[in-house]
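Enquirer: Got a structure here, written out as structure tokens. Questions coming.
Since every read-out is calculated from the coordinates, none of them should be taken as a lab result. In this text the structure is predicted, and so the values were computed from the model without any measurement. When we count neighbours, we look across all protein chains shown, and the Cβ atoms used for this are built from the backbone with ideal geometry, even at glycine.
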Amino acid sequence: MALLLLGTFYLATVGAGYLVELLFGVAGLIPPQRSAAVVSEGISWNYTTWLNLVFLLLAATLVVRFLRTGAATCSA
């Protein structure tokens, strides 16, 4: 039953993608040439990097506290 659902959803997704492509092509909404410039950036240390590190430390602290209290071995 799960494989039937997977196959149905997959076919519906693929069909919708092709339908959108065909509709955009017929309506002339696909540009004839691409003008996008791809800019490659290197690794940068900005505020999101520091926030990620702070919350990584917070998560590690909470996991350690959870394991030390023995909550992982409790059974209901």
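Enquirer: Treating the angle as unsigned and between 0 and 90°, give the value, to the nearest 10°, between the Cα long axis of helix 47-68 and the longest Cα principal axis of the chain.
Expert: Helix 47-68 sits roughly 50 degrees off the main axis of the chain.
Enquirer: Right, next: For the chain, what is Rg from Cα atoms divided by 2.2 N^0.38 Å, rounded to two decimals?
Expert: Details: Rg = 24.5 Å, N = 76, 2.2 N^0.38 = 11.4 Å.
The reported ratio for this selection is 2.15.
Enquirer: Treating the angle as unsigned and between 0 and 90°, give the value, to the nearest 10°, between the Cα long axis of helix 2-27 and the longest Cα principal axis of the chain.
Expert: 40
Enquirer: While we're here: Between Ala16 and Ala37, what is the FRET efficiency for a Förster distance of 25 Å, r being their Cβ-Cβ separation, to the nearest 0.05?
Expert: Details: r = 30 Å, r/R0 = 1.19.
With a Förster radius of 25 Å, E is 0.25.
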